[in-house]
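Enquirer: One structure, as structure tokens, below. Some questions next.
The values are calculated or read from the model by the stated rules, or taken from the named source; none is laboratory data. For clarity, every value in this text was computed on a predicted model and none was experimentally measured. Here the Cβ is made from the backbone with ideal geometry for all residues, glycine too, and neighbour counts use every protein chain on show.
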């Protein structure tokens, strides 16, 4: 285990269970780059779903699905949409798959708004897209190879249940991990988030 200092010039995929601090870590790095005046070079693609507090409380996952918000006045290209949590808000597998497809269509629209001049890309909660699309399609559409800095986080765990949607998501996340293992870095957060923690598990 070792601490990671800074993210500029790196391509990092952060994974972990619900409430392990994936978005919080990204927020720290995003703030750091913005405070360095790099906001005009940054694009943020936030795929975090809107999870009503009552639903999160019922499912025992309060704190899940946190948004990644850039600092005010930072000039970050902030791309987000009102997305649903398919597994948590559906009564059947077919309903969850339909919601995942609607989410992916909205995210496809956001991806088209990415600007080539923005060479630093943050993606929050990438797994929402991988529920219905492929890692390869995202890598191509978002021009991962053109980014000098790429910070991505996504859910990888068991607490949100199984089913076909989950199987597809896990398979595409595994493919994404292979890409980052070859071309960047993998960070696996394994403990419930503690605001004072600075140590990360790498693998």
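Enquirer: If we only count helices (runs of 4 or more DSSP H) wholly inside the range 122-187, which ones have 1 or more residues that are in contact with a strand residue (DSSP E or B) (Cβ under 6 Å, 6 or more places away or on another chain) and under 28 Å from residue 33 (Cβ atoms)?
Expert: Ranges flagged: 127-130, 164-183.
Enquirer: Looking only at the range 100-121, which residues are without any contact (Cβ under 8 Å) to a residue 40 or more places away in the chain and either crowded, with 22+ Cβ neighbours inside 10 Å or touching a strand residue (DSSP E or B) at 6+ places or on another chain (Cβ under 8 Å) (or both)?
Expert: Matches in the range 100-121: 113 only.
Enquirer: Separate question: Hand me the list of helices (runs of 4 or more DSSP H) wholly inside the range 9-89 holding 1 or more residues that are surrounded by fewer than 18 Cβ atoms within 10 Å (Cβ to Cβ) and modelled with pLDDT of 95 or more.
Expert: 22-35
Enquirer: Here's a follow-up. Take the conditions at pLDDT 95 or above, under 16 Å from residue 130 (Cα atoms) and not in a loop (DSSP other than H, G, I, E, B) and apply them to residue 97. Does it pass? If you could, list the steps in order and put the result at the bottom.
Expert: On the way: at pLDDT 95 or above: no; under 16 Å from residue 130 (Cα atoms): yes; not in a loop (DSSP other than H, G, I, E, B): yes.
It is false that residue 97 is at pLDDT 95 or above, under 16 Å from residue 130 (Cα atoms) and not in a loop (DSSP other than H, G, I, E, B).
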